[in-house]
Amino acid sequence: MKRILKLKLDKGIIKKEEPTPVQEKIQAAEETVGAKSHKQIEQQAADRSITLIKNEEVLPLEKEKEEIVVIGRSFQKELFESVSQHQSNVTSISLDSDYDLSEEEWDKVKKADVIIVGTYTYNVSTRAKDSNQMQMVREVMNNTEGHVIGVGIRNPYDIMAYPEIDAFVAQYGFRKASFDATAKVIFGETSPSGALPVTILDDSGEVLYPYGHRVNADKEEEEFFQLGVEKFLEEHKDLVKGKKVGLITNPTGVDQQLRSVVDTLHEDEGVQLTALYGPEHGVRGSAQAGDYVESYTDEKTGLPVYSLYGETRKPTKEMLENIDTLLFDIQDVGTRFYTYIYTMALAMEAAGENDIEFVVLDRPNPLSGDKVEGPVLNPAYSSFVGKYPIPLRHGMTVGELAQLFNEEYKLGADLKVIQMDQYDRGMSYKDTGLEFVMPSPNMPTLDTAMVYPGAALIEGTNVSEGRGTTRPFELIGAPFIESTAIAATLNEQQLPGVRFRASSFTPSFSKYEGELVHGVQIHVTNPNTYQPVKTGLHVVKIIHDQYPEQFAFRAEDSQGVSFFDKLIGNGWVRQAIEDGKSVDYMVEKWKKELDEFKELREEYLLYE
């Protein structure tokens, strides 16, 4: 091996590696980290992260009008120096590990108008109320008439040890930029924009400050985004007081801390949770698309789990015994043929028939709620992948859909929708700050959900929609496709907000299992302009046109209906593709019914 490598080096086949000297690497790193542009970015990031958690009419301070003392141990010097940049009459008190103040230091504290106390903690014991550091803070609060401002240098949880403090600022870094950002907030040079990344509890386990909490520059608590389930637990548990509760959910039923609503409700003494109901893929989300799901007992809670994707898709009277209220908490993906909304509709119908209240805990539409696209379903093509005449991309939340279904299709449910707080129609899913929990095995990411309304039409053909890969619905292909050619043709269409990359893949299951296939990956470049339904139809039509001998729609059933027809919601689009009609022709043809739906939809929208 050594001889071969030497020969290749001598002949220049491979180049001799000349490692960069360590000192050069260090110098390059220092030049990057110390560069003016790097420091500007660091400061901007620090400014945006500072969270003002509490402010009892204390901040911002007026420069040079108040005598200030800065107390602390770890990083006290850095905090003092940053505060001193804004005011000259600032006194520093640096403490030892016992956190005891001398008589002289106490005298300075008692004479001060404002005391800024920096606390630094790194585990539960260091922020405990009986720790030396926290006892010091409480002694300062109890023995001075001046305002006391706490600065959590590393940890917003510090306020748990001294919740009565006048003001509290949380910073999340130790570098100069973070201390400078805190000082700017204290003196009103910047408005704090950071929001709590955690929920802070008090001694009794009640919420002291919720996830997303912050106080704005006007000293008022800002409203923060809340899911329907969070709003329910905070304000609407009276709806189920003394009642037996059933819960329809799956792994997406979590709060912003990713805590399962199953566990939260089961552990809540104010909620009598007695049964769980699982849609397609099950309560824990382990079943593949279309798989039969059996009823069973949930191992963690011991509650019965009734399948709504097994022998029946509508809860039976026996399943609803001992239930007074049904809760529904599942993340939809904004697409007509995603089956959870029909699980909801059938459960609403069953609830109405059995005099059971039905409560929807609302969640965002991950495709945003301000865009509607695609043909409205023809009722003659109704199925469990399209039960009601709504468009492919409906632009509604599950709560809004529940209202529309209940009123327009006479489901008879005693329906209540617990709305989200601080959600508006134009918000993207990322705007909410929510983590995307995959609602089904083949919906792993938000990117998947974005392409799904159009790319899933491929399921109605003999082309792979990418099931059995890590990028279902983003990868499209078949053995007979030439990937470079199809990518070029699709990119020539100049469709808004999307590009296509030639790609090959081998599905581990589903169509062409274990076989190398060729096609494209869909890359959404601009979600605001991207039109998934129009894009999906272009993909289907171009593959159909370029490979007329190999491409095929799924076979028709005895009624002459293909699965593609059920997905698109009619029979004429498939015929239009086979007749050589353009996608623009199809879009124009469904425009009238889409406009009519948009007008109907307005009556049921809950958010601006």
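Identify all residues within the stretch 371-394 that are of a type in the set (Ser, Thr, Tyr) and in contact with a helix residue (DSSP H, G or I) (Cβ under 7 Å, 6 or more places away or on another chain); write none if there are none.
Tyr381, Ser383, Tyr388, listed by residue number.
May I ask you to verify whether Ser562 is over 27 Å from Ala487 (Cβ atoms) and not aromatic (Phe, Trp, Tyr)? Give the derivation first.
Values: over 27 Å from Ala487 (Cβ atoms): no; not aromatic (Phe, Trp, Tyr): yes.
Judged against the criteria, Ser562 is not a match.
Any residue at all in the stretch 110-130 that is in contact with a strand residue (DSSP E or B) (Cβ under 8 Å, 6 or more places away or on another chain) and of a type in the set (Asp, Glu)?
Yes, there is a match, as at least one residue in the stretch 110-130 is in contact with a strand residue (DSSP E or B) (Cβ under 8 Å, 6 or more places away or on another chain) and of a type in the set (Asp, Glu).
Determine whether the stretch 418-437 contains at least one residue that is in a strand (DSSP E or B) and touching a helix residue (DSSP H, G or I) at 6+ places or on another chain (Cβ under 8 Å).
yes
Considering the stretch 213-249 alone, what residues qualify as being modelled with pLDDT of 95 or more, touching a Pro at 6+ places or on another chain (Cβ under 9 Å) and either open to solvent by 40 Å² or more (accessible area, probe 1.4 Å) or assigned to a loop (DSSP other than H, G, I, E, B) (or both)?
Result: Leu227, single match.
Any residue at all in the stretch 410-417 that's in contact with an Asp or Glu (Cβ under 8 Å, 6 or more places away or on another chain), at negative phi and open to solvent by less than 20 Å² (accessible area, probe 1.4 Å)?
Checking the stretch 410-417: at least one residue is in contact with an Asp or Glu (Cβ under 8 Å, 6 or more places away or on another chain), at negative phi and open to solvent by less than 20 Å² (accessible area, probe 1.4 Å).
The conditions are (1) part of a helix (DSSP H, G or I); (2) in contact (Cβ under 8 Å) with a residue 60 or more places away in the chain; (3) within 30 Å of Glu407 (Cα to Cα); (4) in contact with a helix residue (DSSP H, G or I) (Cβ under 8 Å, 6 or more places away or on another chain), and Leu606 fails exactly one of them. Which is it?
(1)
Give Phe75, Phe80 a once-over and let me know the one that is under 42 Å from the mean Cα position of the chain (by Cα) and surrounded by fewer than 21 Cβ atoms within 10 Å (Cβ to Cβ).
Criteria check complete, one pass: Phe75.
Rundown of residues vs (1) open to solvent by 40 Å² or more (accessible area, probe 1.4 Å); (2) under 19 Å from the mean Cα position of the chain (by Cα); (3) under 24 Å from Glu608 (Cβ atoms), yes/no style:
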residue	(1), (2), (3)
Arg425	no, yes, yes
Leu434	no, yes, yes
Ala449	no, yes, yes
Tyr452	no, yes, no
Asn462	yes, no, no
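Based on what the data block shows, is Ile486 part of a helix (DSSP H, G or I), of a type in the set (Val, Ile, Thr) and out of contact with any Gly (no Cβ under 7 Å at 6 or more places or on another chain)? Break it down stepwise before answering.
Working: part of a helix (DSSP H, G or I): yes; of a type in the set (Val, Ile, Thr): yes; out of contact with any Gly (no Cβ under 7 Å at 6 or more places or on another chain): no.
Considered against the rule, which asks whether it is part of a helix (DSSP H, G or I), of a type in the set (Val, Ile, Thr) and out of contact with any Gly (no Cβ under 7 Å at 6 or more places or on another chain), Ile486 comes out as no.
List every residue pair whose Cβ atoms lie under 6 Å apart, where the two residues are 6 or more positions apart in sequence or sit on different chains, the first residue falls within the stretch 531-556 and is under 19 Å from His518 (Cβ atoms), and the second residue, located anywhere, is assigned to a loop (DSSP other than H, G, I, E, B) and open to solvent by 20 Å² or more (accessible area, probe 1.4 Å).
Here the result reads His538/Gln493; Tyr547/Phe480; Gln550/Phe480; Ala552/Asn462, each pair linking the stretch 531-556 to a residue that is assigned to a loop (DSSP other than H, G, I, E, B) and open to solvent by 20 Å² or more (accessible area, probe 1.4 Å).
Name the single residue, out of those in the stretch 334-362 being charged (D, E, K, R) and open to solvent by less than 10 Å² (accessible area, probe 1.4 Å), that is farthest from Gln256 (Cα to Cα).
Checked the stretch 334-362; the qualifying residue farthest from Gln256 (Cα to Cα) is Arg336.
Under 6 Å between Cβ atoms, at least 6 apart or on separate chains: pull out the pairs that start in the stretch 389-400 with a residue that is in contact (Cβ under 8 Å) with a residue 40 or more places away in the chain and end on any residue that is aromatic (Phe, Trp, Tyr) and surrounded by fewer than 24 Cβ atoms within 10 Å (Cβ to Cβ).
Pairs found: Pro391/Phe597; Glu400/Tyr604.
Could you count how many residues in the stretch 144-164 are open to solvent by 80 Å² or more (accessible area, probe 1.4 Å) and either hydrophobic (A, V, I, L, M, F, W, C) or under 18 Å from Ile53 (Cα atoms) (or both)?
Number satisfying all stated conditions: 2.
Residue under question is Thr252, and the condition is that it be assigned to a loop (DSSP other than H, G, I, E, B), touching a Pro at 6+ places or on another chain (Cβ under 6 Å) and either modelled with pLDDT under 95 or open to solvent by less than 20 Å² (accessible area, probe 1.4 Å) (or both); does it hold?
In short, yes.
Can you find a residue in the stretch 135-143 that is open to solvent by 10 Å² or more (accessible area, probe 1.4 Å), of a type outside the set (Val, Ile, Thr), within 20 Å of Ile50 (Cβ to Cβ) and free of Cβ contacts under 8 Å to residues at least 60 places away in the same chain? Let's see the steps before the verdict.
At the first step, the residues of the stretch 135-143 found to be open to solvent by 10 Å² or more (accessible area, probe 1.4 Å) are 135, 138-139, 141-143.
When the remaining residues are screened for being of a type outside the set (Val, Ile, Thr), the result is 135, 138-139, 141-143.
Going one step further and asking which of them are within 20 Å of Ile50 (Cβ to Cβ), we end up with none.
So far as the stretch 135-143 goes, no, none of its residues is open to solvent by 10 Å² or more (accessible area, probe 1.4 Å), of a type outside the set (Val, Ile, Thr), within 20 Å of Ile50 (Cβ to Cβ) and free of Cβ contacts under 8 Å to residues at least 60 places away in the same chain.
Let me confirm something: among Glu556, Glu603, Glu599, which residue is at pLDDT 95 or above, open to solvent by 90 Å² or more (accessible area, probe 1.4 Å), over 30 Å from the mean Cα position of the chain (by Cα) and more than 23 Å from Ala502 (Cβ to Cβ)?
After ruling out the rest, the residue left standing is Glu556.
Of all the residues that make up the stretch 136-160, how many are assigned to a helix (DSSP H, G or I) and either among the hydroxyl-bearing types (Ser, Thr, Tyr) or within 31 Å of the chain's Cα centre (by Cα) (or both)?
5
Pull out all pairs, ordered by first then second residue, where Cβ-Cβ is under 7 Å, the residues are six or more apart or on different chains, the first lies in the stretch 148-164 and is within 17 Å of Gln76 (Cα to Cα), and the second is in a helix (DSSP H, G or I) and open to solvent by 10 Å² or more (accessible area, probe 1.4 Å).
Val148/Met141
Looking for whichever is of a type in the set (Val, Ile, Thr), crowded, with 19+ Cβ neighbours inside 10 Å and not in a strand (DSSP E or B) here; the options are Ile543, Ile522. Which one fits?
Checking each option against the conditions leaves just Ile543.
The values are calculated or read from the model by the stated rules, or taken from the named source; none is laboratory data. Just so you know, these numbers come straight off a predicted model, no measurement behind them. Neighbour counts are summed over all protein chains in view; Cβ atoms, including those assigned to glycine, are modelled from backbone coordinates with ideal geometry. Each accessible area value is taken on the protein alone, full model and side chains, heavy atoms only, with ligands, DNA and RNA left out. Shrake-Rupley method; radii C 1.70, N 1.55, O 1.52, S 1.80 Å.
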